[in-house]
Amino acid sequence: MTLTLTETRPTVHAVGNIKLYVEEQRLEGPRGEVRLTASHFRVMQRLMQCPGVIVSVSDLIGELYPDPDMEGEDPNGCLKQILLSLRRVMLLLGAGETAIKSERGVGYFVNRRAA
């Protein structure tokens with residue numbers, strides 16, 4: 001009987017100079033890395049799965065609150081705070097060429113900044 005070990009590679013989403021390591025819930029940039037909270041991770045993962053694609057506010061809120069009964073009083077405000085925090089973390093990590101952008105009235109997306 002022969003055992004074959006298969007190497008599993010970590011799932012990594014990359015946009016510009018930022019990488020999100022899924023299993024570790026870790027965001028990495030040129031200046032370092034940070035482990036994200038569960039809520040921050042779910043939002044960032046959703047945005048980085050399809051770079052440049054707008055994710056609606058309702059979809060992002062669905063990531064934060066998979067069970068609608070657990071939704072707080074102000075889910076939009078909570079989402080905005082998480083996005084603000086993620087933007088600050090990205091700046092600290094040196095993600096100058098990558099940004100979370102908004103499409104007013106539609107949603108958010110992560111993309112490389114235009115040169």
Can you work out which of the residues in segment 63-90 that are surrounded by 13 or more Cβ atoms within 10 Å (Cβ to Cβ) and more than 14 Å from the chain's Cα centre (by Cα) is farthest from residue 17 (Cα to Cα)?
-> 71
Can you run down the residue pairs with Cβ atoms below 8 Å, 6 or more apart or on separate chains, where the first is in segment 27-54 and within 16 Å of residue 102 (Cα to Cα) and the partner is hydroxyl-bearing (Ser, Thr, Tyr) and buried (at least 16 other Cβ atoms within 10 Å of the Cβ)?
-> 47/108; 54/108
So which pairs qualify, if the first residue must be in segment 97-109 and over 15 Å from residue 86 (Cβ atoms), the second must be outside any loop (DSSP other than H, G, I, E, B) and among the hydroxyl-bearing types (Ser, Thr, Tyr), the Cβ gap must be under 8 Å, and the two must be at least 6 apart or on different chains?
-> 106/56
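We did not get these values from a lab; they are worked out from the coordinates using the rules stated. Everything quoted here is computed from the prediction, not taken from an experiment. Reconstructed Cβ throughout: ideal geometry from the backbone, glycine too, with neighbour counts over all protein chains shown.
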